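The values are calculated or read from the model by the stated rules, or taken from the named source; none is laboratory data. Model, not experiment: these values are computed from the prediction. Neighbour counts are summed over all protein chains in view; Cβ atoms, including those assigned to glycine, are modelled from backbone coordinates with ideal geometry.
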Amino acid sequence: MQTTIYQKLLNSIEKKGAILLILLDPEKNSIEDVSQLVKACEIADADGFLIGGSLLMSGQFDSYISELKNLTKLPVIIFPGGVEQISPTADAILFLSIISGRNPENLIGKHVIAAPLIKRIGIEPISTGYMLIESGKITTAEFMSGSKPIPRHKPEIAVAHALAAEYLGMKLIYLEAGSGAEHTVPEEMIFAVSKFCSLPVIVGGGIRDPKTARKKVEAGAKIIVIGNHFDDKNNHEQLKQFADAVHINLNQSIEV
């Protein structure tokens, strides 16, 4: 029986302690622009790619993923900003439910539309409870979803939502500060969610240095997502430092 992408992620987490995923937005990062980044990710021992964005204007989603797959053997997972962001060329898709909000379309409505297509094309869905966390400003994800974020000083609210997601049978919890966030997800919230919920916790948004990434892992995050920071080619040389900071089982004494 073929190992699922989800199980491969779990295996990598068990081996490394936590893993690093790089988020690529097709609207911001052309294939020509990211080819060097992809090579750098493999050399640095990054663990995979998330592909998606809040808005797609080019209509080249399928071809973008196909070309990316030609560049790397690392997992390519769709991080959808909408039901139009589904492609058979990817390895898997995060089947996101915005559980921090109360908009029924983002809780179940859009999923009903997407599910038959996902079934038909045979891509692996990974059910993910997605929570927007207050980050100091209105993010694109907050605006587009029409969802209020969870207050950053209320970890108990995040815990209750994470537990509900776990009891509903979801596989991952995603704590999202948002693209270009002023403030990252607080360590206190990550710790609380990780303590009370047994699902692997993904943390993304506003993480701009390896030291911050390490703090999130030490607080309990199992998957760290970095996006905007690596849009700047001058930051590509930091990839190895980020990977070493996140892979806490392999680099327990690293200085970051």
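Here are the numbers for this structure:
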{"item": "Residue selected from the stretch 232-254 under the condition among the hydrophobic types (A, V, I, L, M, F, W, C) and either modelled with pLDDT of 95 or more or within 19 Å of the chain's Cα centre (by Cα) (or both), by the criterion surrounded by the most Cβ atoms within 10 Å (Cβ to Cβ)", "result": "VAL246"}
{"item": "Meets criteria (more than 21 Å from VAL185 (Cβ to Cβ), touching a helix residue (DSSP H, G or I) at 6+ places or on another chain (Cβ under 7 Å) and of a type in the set (D, E, K, R)) for LYS240", "result": "yes"}
{"item": "Selected residue (only one of GLY82, GLY109, GLY48, GLY59 is surrounded by fewer than 21 Cβ atoms within 10 Å (Cβ to Cβ), modelled with pLDDT of 95 or more and not basic (Lys, Arg))", "result": "GLY109"}
{"item": "Single unsatisfied condition, ILE13 versus (1) at positive phi; (2) in contact with a strand residue (DSSP E or B) (Cβ under 7 Å, 6 or more places away or on another chain); (3) in contact (Cβ under 8 Å) with a residue 60 or more places away in the chain", "result": "(1)"}
{"item": "Matching option when the condition is among the polar types (S, T, N, Q) and within 22 Å of VAL217 (Cβ to Cβ), among SER198, SER147", "result": "SER198"}
{"item": "Verdict on ALA245 being of a type in the set (A, V, I, L, M, F, W, C) and within 23 Å of PRO155 (Cα to Cα)", "result": "no"}
{"item": "Cross-chain or 6+ apart pairs with Cβ under 8 Å, the stretch 174-197 first and modelled with pLDDT under 95, then part of a helix (DSSP H, G or I) and not basic (Lys, Arg)", "result": "GLY178/THR140; GLY178/ALA141; GLY178/GLU142; SER179/THR140; SER179/ALA141; SER179/ASN228; GLY180/ASN228"}
{"item": "Residues that are under 24 Å from ASP33 (Cβ atoms), part of a loop (DSSP other than H, G, I, E, B) and of a type in the set (A, V, I, L, M), drawn from the stretch 197-247", "result": "ILE207"}
{"item": "Selection from the stretch 92-132 of residues that are under 12 Å from the mean Cα position of the chain (by Cα) and either among the acidic types (Asp, Glu) or more than 19 Å from ALA177 (Cα to Cα) (or both)", "result": "ILE93, ILE126"}
{"item": "Any hit, the stretch 50-68, residues being of a type in the set (Ser, Thr, Tyr), within 30 Å of PRO155 (Cα to Cα), in contact (Cβ under 8 Å) with a residue 12 or more places away in the chain and touching a strand residue (DSSP E or B) at 6+ places or on another chain (Cβ under 6 Å)", "result": "no"}
{"item": "Residue match in the stretch 207-215 (condition: more than 26 Å from SER145 (Cβ to Cβ) and touching a Phe, Trp or Tyr at 6+ places or on another chain (Cβ under 6 Å))", "result": "yes"}
{"item": "Residue in the stretch 30-52 that is part of a loop (DSSP other than H, G, I, E, B), farther than 25 Å from LEU239 by Cα and hydroxyl-bearing (Ser, Thr, Tyr) present", "result": "no"}
